[in-house]
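*Asks:* One structure, as structure tokens, below. Some questions next.
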Amino acid sequence: MTAIELKNINKDYGTGISKVQVLSDVSFKAHSGELSLVLGPSGSGKSTFLTIAGGLQRPTSGQVLIDGQDISRFSEKQRDEIRLNQIGFVLQSYNLLSYLSVADQFALVDRVHKGNLSPDRLEKLLQELGIDQLVNKFPDELSGGQNQRVAIARALYTDPAIILADEPTAALDSERVKVVGRLMKEMAKQYDKAVVVVTHDLRLKDFADRIYQIMDGKMTEQPLNA
Amino acid sequence: MFLAVKEIRHEKLRYGLIISMIVLIGYLMFMLMGMMLGLANENTAAIDSWDAKSVVLNKNSNISLSQSLIAKQDLPNLNGHQALVGQTPAVIERAKGATDKQTIQFVGLDSSQFIYQKKMKLSSGHKPHGKNQVVLDEGLKSKGYRLGDQITLNGSTQKYRVVGFAKDAKLNIASIVYGNLTTWQTLKGTGDQFAASGIFSDQKQTVKNKNLKQYSIGTFIEKLPGYAAQNMTFEFMIAFLMVISLIVITVFLYILTMQKIPNYAVLRAQGIPAAYLIGATIGQAVILMVSGTLGALLLMIVSKAAMPSSVPMLINWPLTGILSLALVVLGVAGSLLPVRMISRIDPLDAMR
């Protein structure tokens, strides 16, 4: 099932002579239960792609469809709600607040989320990710890997259909890359999420269900065994 | 409030220092106000205790009780709401035993009139009977004066017995010695041609004599020597302090919020509404200001208890409450600048 679809996305920065086209006619689909890898070097436009897919900014033209609705036309408040309820972000910085314990990272989501989040679901999630013993710890008391698991649990907590991850393996050694790759794949399969990982790290290719390449603002799908 | 409380609890040193700063600013303001009120009270405590609404003085006295003399032939028929007051500065000294000389305000009263009858509040002893008895301000106890002491006034040979101590017996920041009008005439050196310095009443008075003029108590108090200038000085000090504290608190909250922008951008990216983050920032300002103000109040109460009684300081709780509220409101108003900054956070910053 298609969880998110980008149709003919163009994104320009600047105007007139200083206009730069960052994305050019990009079309993309991510499916539930699949890990989609978007590869590209620095400056290729992959971060812009992720921010448009995540509703953080609007494309110059084209559509971003979630549940058949074009979220690029939504108001800022509506896009806030989409990000809160339907999209989970895993950022390079692990998006954890330093002054909140692991338990409080989820309590914050509870307070803002309109729907009822289940404590049982959280407990199960923490157990499955092996971080249930860390609930009273603060981010600076955790290892990088533990922080990443908490960030993933945080992204999954609201049960979003889509998980967007930005360079989750930046500065990790090969062993850690394998662990993260497995985790992302499990996230897609076990929780039936459409996981989109934007990275320049080719070591993640082994875990992908689909691979896309962005180069100079143009996206192409690559064969898995290339 | 959730984010605000969690952050304060986690960053105890940082927020402890900020609260300490607010405590010190609040403490300074409360102490200044307490001393202003204390000094103001020492100017007017006696007049306030008489519940006077108006005073009739000699029209050439420039609204000064010390300079006013009411001649006997100008004296109107007095009703039950009027009382003669003869006032003059004097120096008292114990007739026997060592006691420092004290400059006081002698107030002569007529024992048949309302101030003597109803308004003289004694903390010990009894009211003066006859011309050789006096009642002292209870503040003079700390100077060594006791019931039964013999005192002299202005170094004369005439001795007066201390028969009581009165509460709220202060005028022009000096202790009052209550006696009768004959003693006042002697001290003033006027003989019996002058009846008193002024006529106080707990009502409005009508004056028909062209040598006399009626003033409201408010006008009379404003004209007390140094009273208006002193109060205005304190009021300006407190006002300037409030403006400075508003600026300092705003700067602190601004810097704090600036430091949190990357975190807030991440939360915005995750869909946390800006309104929630604004609420957290304002909530944090309220917590800081209320904690700081409560700390300042506590410190003021402790200081007041530890201070010697000779330091004029008065805690007026309604006014202190208003000042506390103003401090909290101004502090929260100071958080509105960072609020503007939060409303403009771009969630895209989380990706940079």
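*Asks:* When you scan the range A:46-56, do you find a residue that is part of a strand (DSSP E or B) and either away from chain B (no Cβ under 14 Å) or of a type outside the set (S, T, N, Q) (or both), even just one?
*Replies:* no
*Asks:* Can you name the condition, by its number, that residue A:59 falls short on among (1) assigned to a loop (DSSP other than H, G, I, E, B); (2) at pLDDT below 90?
*Replies:* (2)
*Asks:* Looking at B:35, B:1, can you tell me which residue is more than 14 Å from chain A (Cβ to nearest Cβ) and closer than 30 Å to residue B:248 by Cα?
*Replies:* Exactly one residue qualifies, and that residue is B:35.
*Asks:* Give just the number: which of (1) in a helix (DSSP H, G or I); (2) more than 14 Å from chain A (Cβ to nearest Cβ) does residue B:9 not satisfy?
*Replies:* Among (1) in a helix (DSSP H, G or I); (2) more than 14 Å from chain A (Cβ to nearest Cβ), residue B:9 violates only (2).
*Asks:* What are the residue pairs meeting all of these: first residue in the range A:143-155, first residue farther than 20 Å from residue A:85 by Cα, second residue part of a helix (DSSP H, G or I), Cβ atoms under 7 Å, and 6 or more apart or on different chains?
*Replies:* A:145/A:176; A:145/A:179; A:146/A:134; A:147/A:139; A:148/A:180
*Asks:* Scanning the range A:107-142 for residues that are in contact (Cβ under 8 Å) with a residue 12 or more places away in the chain, assigned to a helix (DSSP H, G or I) and within 14 Å of another protein chain (Cβ to nearest Cβ), which turns out nearest to residue A:160 (Cα to Cα)?
*Replies:* A:109
*Asks:* Which of the following residues is more than 10 Å from chain A (Cβ to nearest Cβ), part of a helix (DSSP H, G or I) and among the hydrophobic types (A, V, I, L, M, F, W, C): B:241, B:267?
*Replies:* On inspection, the qualifying residue turns out to be B:241.
*Asks:* Of these, B:342, B:315, B:282, which one is at pLDDT 85 or above and part of a loop (DSSP other than H, G, I, E, B)?
*Replies:* The match here is B:315.
*Asks:* Does the range A:176-186 contain at least one residue that is at pLDDT 90 or above, crowded, with 20+ Cβ neighbours inside 10 Å and of a type in the set (Gly, Ala, Ser)?
*Replies:* no
*Asks:* Also, I was wondering about something else. Which of the residues belonging to the range A:8-31 are in contact with a Leu (Cβ under 7 Å, 6 or more places away or on another chain) and of a type in the set (Lys, Arg)?
*Replies:* Residue satisfying the conditions is A:11 alone.
*Asks:* Among the residues of the range B:246-260, is any of a type in the set (A, V, I, L, M, F, W, C), under 30 Å from residue B:112 (Cβ atoms) and within 34 Å of the chain's Cα centre (by Cα)?
*Replies:* Residues of the range B:246-260 of a type in the set (A, V, I, L, M, F, W, C): B:246-249, B:251-253, B:255-256, B:258.
Within this subset, residues satisfying the condition of being under 30 Å from residue B:112 (Cβ atoms) are none.
Checked the range B:246-260: no residue is of a type in the set (A, V, I, L, M, F, W, C), under 30 Å from residue B:112 (Cβ atoms) and within 34 Å of the chain's Cα centre (by Cα).
*Asks:* For the range A:67-106, give me each residue that is aliphatic (A, V, I, L, M) and more than 9 Å from chain B (Cβ to nearest Cβ).
*Replies:* A:71, A:90, A:102, A:103
The values are calculated or read from the model by the stated rules, or taken from the named source; none is laboratory data. This one's a predicted model, so the numbers in the text were calculated from it and none came from an experiment. Because the Cβ atoms are built from the backbone with ideal geometry, glycine has one as well, and the counts that use them run over all protein chains shown.
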